[in-house]
Each structure stands twice: as structure tokens, then as C-alpha cells.
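Structure record follows, encoded as C-alpha cells.
The values are calculated or read from the model by the stated rules, or taken from the named source; none is laboratory data. Remember, predicted model here, so these are calculated numbers, not experimental data. Here the Cβ is made from the backbone with ideal geometry for all residues, glycine too, and neighbour counts use every protein chain on show.
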Amino acid sequence: MKKILLIIIPLLLIIAVSIGAVIAYTSMGKSSTNPIKILRQSISNHDAEKFYKIVDVDAVLDSAAKEILTAQINSTVDALAYSTQNYMTAYENLKPNFVTAAKNYLDEYISTGKINFQEPLTPAQKFFKSSAVDSCTIKSFSKLKTEDGETHAKLEFLNERLNFYFEIDLTLEKVEKNSWRIVNATGFENYFNGYRRATRKSLEKLNAPIRDKISEIVQLKGFSAGIAEGDEYGFSQTLKMTIRADIKSDKPISRIVGNIIIEGKDDREGVTPFSMDMVGRENGVQDFDVVKTLNPFVREDVEVMRHGLRRDNLHIEVMQIDFADGTTLKEFDELPENN
């Protein structure tokens, strides 16, 4: 599994969310406790103490870590090797560095007004560049809305460079008259999924000739799927699939790699890789059994566990063929640096 620490997204979104949120609340008055005045002063004066009074960064980072790392882990862990325990182990291993690094960068930004990224770039910094998080602008915001004792507001962002929208939901608490504190923010997975969709569109053209070659060798004929019980504690369920494919290769294949995609609401996707062992198999039509643990931390998987599997929402794609001679036919999974 590629341990990509996506620290830049929550860092800059925290800043953008905080600034955008207070812009929406100019009706709260013009006293010295108005959050727009305090936040602007804290950033312009590089006053971290005031900034942290307005934003509960620990809570926001906790939400960001859960949403982003869950989406990232779910999209990179082989379905055959996946388990709830594997997920929890991976998450707990990634989260401390994720949170620590984000806090350090945030402190640097508030103290100096900028962040210095030294070459060579880390995977997170490369992600920052490719996802164009610095091009995100606030397009609209909702009014404060209180339900069941909680006050919320929604912000809509546009990633102008990659041309996708995403929404962040803020939770606020009133500290005193005309004084509010941002105590949580959710929707960070919307950014990850938006970036993934935008990247996929760019990769479509690049991968078209490779996909044609793959489809000539592995012709998917269909699949069947059913849901069974998962771990012994009842937290997860298992999606058992049989994929039928016609293999037509002029040299022996050792492995076929692809993705199981579950489409959710609002263009959300749950993506889990799978692999099929081809050692000892010949050409021709044959069936492959693939098992995917439905992740209780991923909304698309939870919807399947609660409401059952809709065949139209389940898709299979083959992205890589490993040959016995050591060569590989593989789609690009990220855009080249010079693209």
C-alpha cells in the first residue's frame, strides 16, 4: 500500500474554511468579538493564539484525517488482503504523522504567511501540486442553521484549475454574544473524491491506447456477486464475486489487477483494488473468485450493507496485466510530471 500522507489538503482547507466561514457571518455584529475581525487580525498579525481561539484545529484535523485517510486507504488496499483490522492498523499508523505534519505546516503558515517546500518533494507535496488545492475558492455559503442543538453552515468551494466543486460542513459553537468558534468541519473526502474524478478524466485520454490492449487480452464477460457475513464481531460484511473473463494472450500471464468500484450517491465512489492469480491458467473463458470486505468506515460500502447491492452500481475494471516473463502492461494511475 502506498502510504501517501495527504497532509496539505486539511491544512489549506482549514485556513480556507476558517476565512470563508467568518465571511458568511458579517450579520453577527461589528464588535471586537466578531470572528471575521479576530481571524483577519490573527492571520495578518501572525497571531497563532488568536487563530486557535477561533478554530478548534485538533477537532478539524481529526475529521480530516479520518475522511481523507479512509478514502486513500480504501483506494489502495488489495481487496484480497483487506480486513477491518488491516484498515484500523493502517489508519492508526498513518494518523499521527498526518496530524503532526499538518499542525507544523499550519503553525508555519500562521507565523510567516507562507509554507516553504524544499526539493525533493515528498508524496504529500506532489499531491498538493497535482490536486491544485491552492486554486480553491469559496463560491457560496449558507446561513447559520441550528438543529438538535448544533449550529451548522455549509461552504461550497471550486477547484478552479481542475474544475470541480466540493462542499464543507462547519459546526460552530457560540462562545458568548457575537462570538463563535468553529469546532468541527466535515466533507474533506469530497475534496479527495473530486480530485480523483478530475484526475481520472485526464487519465482517460492518456490510458485509452493501453486500455484497448488490455481489453484485447482480458475480455470481461460478466460477474455475479453476493453479500455474506464479514468479521467475527459483525462490524463488516463480505462481498463475494465471481468474475468471468475470456483470456487471449500470446504469452503466459502471472497476474491480473483491477478495481472493484461501488458507485454511491452524489457521484461518490468506493474503490478497492483486486488481483487475480493466473499462474497455471491457460487461455480461454474462465471464472475468478474475488472477495471484498465492505468497509464500515466508507459510506458507499455502508450503503451496500444497509440497503443491499444494486448491480448497476457495481463495476469492474482491469488496469494491469503482469506477464510471466516479468513484463507488465499497466495503465497510468497518476499523471506524469510533465503532463
> In the stretch 166-217, what residues are out of contact with any His (no Cβ under 8 Å at 6 or more places or on another chain) and among the hydroxyl-bearing types (S, T, Y)?
Replying inline: S179, T186, Y191, Y195, T199, S202, S215
>> Please determine whether any residue of the stretch 78-92 is in contact with a strand residue (DSSP E or B) (Cβ under 9 Å, 6 or more places away or on another chain) and modelled with pLDDT of 70 or more.
In response: yes
> Mind checking which residues of the stretch 105-130 are part of a helix (DSSP H, G or I), modelled with pLDDT under 75 and under 20 Å from R196 (Cβ atoms)?
Replying inline: P123, A124, Q125, K126, F127, F128, K129
>> Residue under question is A185, and the condition is that it be assigned to a strand (DSSP E or B), of a type in the set (A, V, I, L, M, F, W, C) and under 30 Å from K240 (Cβ atoms); does it hold?
In response: no
> How many of the residues making up the stretch 245-298 are surrounded by fewer than 20 Cβ atoms within 10 Å (Cβ to Cβ), closer than 30 Å to A71 by Cβ and charged (D, E, K, R)?
Replying inline: 8
>> I'd like to know if the stretch 44-67 contains one or more residues that are modelled with pLDDT of 75 or more, of a type in the set (S, T, Y) and more than 18 Å from the chain's Cα centre (by Cα).
In response: yes
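Residue by residue, here is whether (1) touching a helix residue (DSSP H, G or I) at 6+ places or on another chain (Cβ under 7 Å); (2) over 27 Å from A64 (Cα atoms); (3) outside the structural domain of L314 (by TED's automatic domain parsing) holds:
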site: T151; (1), (2), (3): no, no, yes
site: L155; (1), (2), (3): yes, no, yes
site: E160; (1), (2), (3): yes, no, yes
site: W180; (1), (2), (3): yes, no, yes
site: V218; (1), (2), (3): no, yes, no
site: Q237; (1), (2), (3): yes, no, no
site: M241; (1), (2), (3): no, yes, no
> Just wondering, is there one or more residues in the stretch 188-200 that are in contact with a strand residue (DSSP E or B) (Cβ under 7 Å, 6 or more places away or on another chain) and without any contact (Cβ under 8 Å) to a residue 24 or more places away in the chain?
Replying inline: no
>> Being in a strand (DSSP E or B) and either within 24 Å of E204 (Cβ to Cβ) or out of contact with any Asp or Glu (no Cβ under 9 Å at 6 or more places or on another chain) (or both) narrows it down to one residue among M241, M276; which is it?
In response: M276
> Looking only at the stretch 135-164, which residues are part of a loop (DSSP other than H, G, I, E, B) and either aromatic (F, W, Y) or surrounded by 15 or more Cβ atoms within 10 Å (Cβ to Cβ) (or both)?
Replying inline: L144, L162
> Does the stretch 168-190 hold any residues that are within 29 Å of S202 (Cα to Cα) and surrounded by fewer than 17 Cβ atoms within 10 Å (Cβ to Cβ), and which are they?
Replying inline: D169
>> Residue under question is V302, and the condition is that it be outside any strand (DSSP E or B) and without any contact (Cβ under 8 Å) to a residue 24 or more places away in the chain; does it hold?
In response: yes
